[in-house]
Structure formats: C-alpha cells, structure tokens
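The structure appears right after this line, and notes come after that.
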Amino acid sequence: MRWDALFADLQAQWEAERRADDDAEIRELAEAEAAGTRFGDRLRARLGAPLTLRLVDSSDRVGVVKDAAPEWVLLAEGERRHLVPVAAIAMAWPLAGAAPAPGAIERGLGLGHVLRALAGEGQAVVVRSRGGDQTGLLVRVGADHVDVAAGLGILSVPWSALLSVSST
C-alpha cells in the first residue's frame, strides 16, 4: 500500500511539474507573439467592427473599419469615410488580438497610393491637418505631401501634419 501511495505521489509531482512547464511555455509564446504584433495588424483585426481613433490633436474619428494597411486605416461613419494615417493616431479602442501579417498587396498600398486614388476621384474632401481643416480637392500627391485646392488656393500638407481625409 505504501508503494501505491508513493507512486501516486510521484505521478502527481510529475504532472504538476509538466503543467508548470506547459504554463511557462504558453506564457513565453504569448509574450513572443505580443512582442511581434504591430499596431496596424491590430487595426486590421477590427475589419467590419467599430473603432474609435483619438488623433494627435485630440479629435476623434469613429466608425467601422472598412480597410487597413500598415500606414493607414479607413473608417466608415454612416455614408462618410475617414482615411486616417496610422502616424496620426494617438490612441485606438477597442483593440484585441492581431490579424495575420498583411499580404504583399496590403503592404504595397501605402498612404501615397490611397491619396492618389482619392485625388483621381475628383471629389471634395475635408483635409484635417495640424494646421486646421480645409475643404477642397486633392490635386497632387507627392512623395511626402499632398496638395489641396481649397478656398485659400493650393495648400501643400506634409504627411507628417496630415491627420485625416474625410468625405464630405
């Protein structure tokens, strides 16, 4: 009988060590996954779901995530659309896990590509920048800036100052 108790105790100790090892390995894997997660991947994980973005000027953009790439996210607020550069986001909520890494096409769709497509549409937009809001047309997109035909003339907005481009 003592032997039965001894072997039962050894078995319980072994199982407890195995569970502790498994738990430690799971924690390490979770930490490694979190360390490799990019903000844009977490935004893409919200496709089709509501999201609030607080921009660096403390204004908010709220809507359903329609599309996202490493450099930008597109929100739908009813009929209105908001293109927001990731660099202009100060906070976002709610975010959960990450979507898989973007494919080659998504990685290639930088902010310039999207702005050029919008400029080609020829529709009025509201450009929010650190310098304020301007309503007008996107007329030219450079390597690091966008030109907006607005009431003051042609305004050049560096991407570093661009907070959002919204449909009117």
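The values are calculated or read from the model by the stated rules, or taken from the named source; none is laboratory data. Predicted, not measured: the structure shown is a model, and the values here were computed from it. With ideal geometry, Cβ positions are generated from the backbone for all residues, glycine too; neighbour counts draw on all protein chains shown. SASA here: full protein model, heavy atoms, side chains in, ligands and nucleic acids out. Shrake-Rupley method; radii C 1.70, N 1.55, O 1.52, S 1.80 Å.
With contributions of -39500 (n - 2.57) from each DSSP H run of at least four residues, the per-residue ellipticity at 222 nm computed over the chain stands at -10500 deg cm²/dmol. On full extension, the segment bounded by residue 20 and residue 3 gains 3.6 nm, given 0.36 nm per residue less the C-alpha separation. Dividing the radius of gyration of the alpha carbons in the range 100-168 by their Kirkwood radius gives 1.01 for Rg/Rh.
A value for Kirkwood radius over Cα pairs in Å was derived from the coordinates, and within the list (i) 15.4; (ii) 16.9; (iii) 18.5 it appears as (iii). Each peptide in 138-147, 3-12 gets a packing score, the mean of other Cβ atoms within 10 Å over its residues, and the list from highest to lowest is 138-147, 3-12. When the chain is treated as a GNM with alpha-carbon contacts under 10 Å, the residue of 117, 20, 98 showing the greatest mean-square fluctuation is 20.
Find the accessible area per residue for the chain; the probe is 1.4 Å, ligands and nucleic acids are left out, and the unit is Å².
Per residue, the chain has 61 Å² of solvent-accessible surface.
Here residue 80 and residue 101 are evaluated by their C-beta separation; at R0 = 35 Å the FRET efficiency comes out at 0.70.
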